Amino acid sequence: MWDMDFITEDDFRTHVANTINAYADSLTSYDIKTFNKNTIDSIKLIFDKSVYGFSWVEVIKNEIFRQRDKSNNNSIGYFHQKIFGYIADCDVPQQGWDIIYQPKGGVDVFDNLHVSKAYVEMKNKHNTMNSASAGKTYIKMQNQLLKDDDCACLLVEAIAKQSQNSQWDVSIDGQKQGHKLIRRVSLDRFYYLVTGDPNAFYKTCVALPETIDYVLQNVPDVQAPNDTVMDELLAMADGEEPLIPIALYYLGFNEYLGFDSK
């Protein structure tokens with residue numbers, strides 16, 4: 001039984017399918033050119049192999065996974081943000097704020113704090129912002145409050161240290177800044193805020209695995225990649241595994257002194 005009244009099953013499936021399609025962009029098969037697009041760190045790969053006791057196949061697979069994972073993190077950010085486009089009273093703008101929540105009766109932000117709307121900046125993880133980006137985000141929220149004193153600004157974290165809806169205090173130029181309408185909110189609390197269901201995020205998580213499986217069975221274009229990096233490295237090393245470090249050095253340092261003539 002579908003027990004999420006804040007989003008229909010069809011909309012949830014559509015959103016999951018869109019997220020998987022975004023994921024699929026990272027499933028392009030890797031060849032040497034793709035593998036070395038941003039110039040690999042040859043020395044790190046050699047250390048990784050020796051220190052962790054990996055085979056060359058494992059090292060290359062791990063590096064390909066690392067490169068793909070950068071793109072996948074963006075896809076998960078897409079999932080967390082864009083789902084609110086299906087939830088009542090939430091707008092997901094193309095630019096500016098990640099989400100704007102404006103229900104007809106206003107927003108009960110916390111305790112007795114009631115405003116007409118909430119502006120949201122969303123982050124995947126609590127530690128993804130350094131002090132400079134945190135300060136920039138906080139100033140953006142301060143400026144919004146100066147323009148509109150009947151709103152709240154929320155930093156919503158998908159993976160927070162704890163379930164929370166608390167005042168966000170930061171240090172800018174050595175000065176502590178804080179405002180009751182600038183808040184740090186974990187994703188479960190934000191789901192609760194916009195749906196009225198304290199278990200809304202939990203229900204979303206429970207429904208996700210089965211929905212992904214359903215969508216994958218109905219998205220034939222999503223296929224596992226066929227990576228050829230290891231085969232190409234072996235060819236560069238004349239089929240000799242002990243010569244793979246030389247092939248990796250060539251990828252990373254082919255224009256460096258001493259390497260350019262090899």
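Which value, in debye to the nearest 20, gives the size of the charge dipole of the stretch 1-105 about its Cα centre, when Lys and Arg are +1 and Asp and Glu are -1 at the Cβ?
Values: 11 positive and 15 negative charges, 129 e Å.
In total the dipole reaches around 620 debye.
Leaving out ligands, DNA and RNA, what percent of the accessible area of the chain is carbon and sulfur, probe 1.4 Å?
After summing per-atom areas, the C and S share lands at 49 percent.
Measure nothing fancy, just the Cα-based angle from helix 200-217's long axis to the longest principal axis of the chain, in degrees from 0 to 90, nearest 10.
Tilt of helix 200-217: around 40 degrees.
About the Cα centre of the stretch 85-228, how large is the charge dipole given +1 on each Lys and Arg Cβ and -1 on each Asp and Glu Cβ? Please answer in debye to the nearest 20.
520
Among Trp2, Ile32, Gln95, whose Cα lies farthest out toward the positive end of the dipole of the chain, if unit charges sit on the beta carbon of Lys, Arg (+1) and Asp, Glu (-1)?
Gln95
Tell me what the chain gives for mean residue ellipticity at 222 nm when only DSSP H runs of n ≥ 4 count, each as -39,500 (n - 2.57), the sum divided by the residue total, rounded to 500 deg cm²/dmol.
Taking each H run of at least 4 residues, the total per residue is -14500 deg cm²/dmol.
Please list, ordered by chain and number, the residues whose modelled amide H lies under 5 Å from the amide H of Ile172; skip anything fewer than 5 residues away on the same chain.
Gln177
Would you work out which of Val219, Ile244, Ile172 lies farthest towards the positive end of the dipole of the stretch 164-262? Charges go on Cβ: Lys and Arg +1, Asp and Glu -1.
Positive-most Cα among the choices belongs to Ile172.
From the phi of every residue in the stretch 82-95, what ³J(HN,Hα) in whole Hz does the Karplus formula 6.51 cos²θ - 1.76 cosθ + 1.60 yield, where θ is phi - 60° and glycine or proline is x?
Couplings: 6, 4, 6, x, 9, 9, 3, 6, 9, 10, 10, x, 5, 8 Hz.
Take every Cα-Cα pair in the chain and report what % of them are more than 27 Å apart.
Result: 53 percent of Cα pairs exceed 27 Å.
Does the stretch 72-176 come out rounded, prolate or oblate by the C-alpha gyration tensor, with a ≥ b ≥ c the root eigenvalues, rounded set by a/c under 1.5 and, if not, prolate when a/b is larger than b/c and oblate if not?
oblate
Using a simple charge model, +1 on the beta-carbon of Lys and Arg, -1 on the beta-carbon of Asp and Glu, nothing else, what dipole does the chain show about its Cα centre, in debye to the nearest 20?
960
Rounded, prolate or oblate: which fits the stretch 107-262, taking a ≥ b ≥ c as square roots of the Cα gyration tensor eigenvalues, rounded meaning a/c under 1.5, else prolate when a/b beats b/c?
In terms of gyration-tensor shape, oblate.
Rounded to the nearest 0.05, what FRET efficiency do Phe47 and Lys180 have when you use their Cβ-Cβ distance and R0 = 45 Å?
Step by step, r from the Cβ atoms, then E = 0.35.
So if I take the centroid of the Cα atoms in the stretch 180-256 and the same for the stretch 1-32, what is the distance between those two points in Å?
Going from one Cα centre to the other spans 13 Å.
Using amide H atoms built in the peptide plane, which far-off residues or other-chain residues are under 5 Å from Leu154 H to H?
Those qualifying (amide H under 5 Å, at least 5 residues apart or on another chain) are Tyr119, Val120, Glu121, Arg183.
Using label points projected 7 Å from each Cα along Cα→Cβ, tell me how many nm separate Lys140 and Gln167, to one decimal.
2.3
When the chain is fully extended, how far beyond the present Cα-Cα distance does Ser55 get from Ile246, taking 0.36 nm per residue of separation?
67.2 nm
The values are calculated or read from the model by the stated rules, or taken from the named source; none is laboratory data. Predicted model, so just to flag it, every value in this text is computed and none were measured. No Cβ is skipped: glycine too gets one built from the backbone with ideal geometry, and neighbour counts run over all protein chains shown. SASA here: full protein model, heavy atoms, side chains in, ligands and nucleic acids out. Shrake-Rupley method; radii C 1.70, N 1.55, O 1.52, S 1.80 Å.
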